[in-house]
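Notes follow the structure.
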Amino acid sequence: MLLIAIAFALITVDIRGGEDSPVDGARRAAATVFGPVENGVAAAVDPIGNAVGAVRDSGERHDRLTVLERENAALKQKLGSDDRNRSGVRQLDKMLKRAGAGQYGIKGAEVIAIGAAQGFSWTVTIDAGGNDGIKRDMTVLNGDGLVGRVTTVGPDTATVLLANDPDFTVGTRLEKTDELGFATGQGDRPLRVQMLNGKAKVKAGDRLVTFGSQAAKPFVPGVPVGRVVRVDPAGGDLTRTVYVRPYVGFTKLDIVGVVVQAPRKDPRDTVLPPKPAGPRPIPTVTVTVTPSGPPADGTDPAAGTE
């Protein structure tokens with residue numbers, strides 16, 4: 001009771017004294033003594049308080065983080081899907097231009113599997129079959145050129161033998177010269193083409209298209225096959241061998257077209273892309289220097305003669 005009475009008395013004196021309070025010195029002395037102790041206690045207690053607050057708020061932050069992760073994953077998936085859609089549109093547009101140039105009636109399809117099937121080494125499965133009008137021995141192409149031919153047909157899928165398979169053979173025709181040959185697949189190596197004319201003039205860079213089959217099965221004419229990369233020396237044989245790099249990348253097939261209607265006439269070379277323009281010649285300039293000083297004999301060429 002006595003301590004309480006003294007405390008109230010000191011409070012009253014302090015309030016009435018204002019800035020000149022007689023207990024101000026005692027207050028400063030107490031702050032000097034107990035200040036470091038308070039700071040030490042606060043430093044020890046604050047991390048604990050922060051940890052408690054973090055534990056209390058961790059549930060809300062975890063939920064928000066989960067939401068952000070889901071939104072990020074959905075955005076990445078959408079961007080990836082958009083890129084794939086754009087790629088598919090480009091492939092489809094390129095294929096339709098090829099088909100239009102050759103007047104081929106095609107049925108679009110997508111490659112859904114790749115690998116061995118029915119004992120073949122190089123095949124793909126497409127998502128179009130008998131229900132879509134697909135039949136055996138139809139030509140398959142894409143925006144780059146010849147892909148292969150249909151070998152097996154199911155109700156909703158079909159198997160395509162690729163042009164680089166060793167069991168694949170197609171008749172070819174050389175651009176402009178019309179020299180004929182037969183191309184055979186060699187896996188991941190260039191196609192091997194046996195030219196019927198052993199003296200045919202062939203050079204690297206020449207392009208080949210399909211010659212076509214009777215009744216356009218299994219091959220329609222005019223489909224780009226590839227470009228010559230090597231020519232074996234002519235040895236006097238009845239035939240000549242050249243090697244052709246296909247236009248089609250067989251390991252990255254996606255959108256293809258099955259030719260369900262052959263063209264009315266042979267498109268010949270019209271389906272081939274335009275050849276790139278060669279480098280422009282660099283003009284040469286010859287500068288002739290005319291001396292401006294007097295001749296060595298000291299005479300003035302501008303002076304008259306008597």
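Within 12 Å, Cβ to Cβ, of Val111, how many net charges do the neighbouring residues add up to if Lys/Arg are +1 and Asp/Glu are -1?
Values: positive: Lys252; negative: Glu110, Asp127, Asp254.
Combined, the nearby Lys, Arg, Asp and Glu give -2.
The Cβ shell under 10 Å around Val271 holds other residues with a net charge of +2, Lys and Arg each +1, Asp and Glu each -1. Within the shell defined by Cβ-Cβ distances under 12 Å, the residues around Leu161 carry a net charge of -1, with Lys and Arg each +1 and Asp and Glu each -1.
Basic side chains Lys and Arg get +1 at the Cβ, acidic Asp and Glu get -1 at the Cβ, and with that the dipole of segment 79-238 about its Cα centre reaches some 500 debye. A simple rule links phi to the HN-Hα coupling: the Karplus curve 6.51 cos²θ - 1.76 cosθ + 1.60 with θ = phi - 60°, which for segment 205-211 gives x, 5, 10, 10, 10, 5, 7 Hz, with x for Gly and Pro.
Every number here is computed from the coordinates shown, using simple stated rules; none is lab data. Keep in mind that what you see is a predicted model, and the values were worked out from it rather than measured. Note that we place each Cβ from the backbone using ideal geometry, even for glycine, and neighbour counts take in every protein chain shown.
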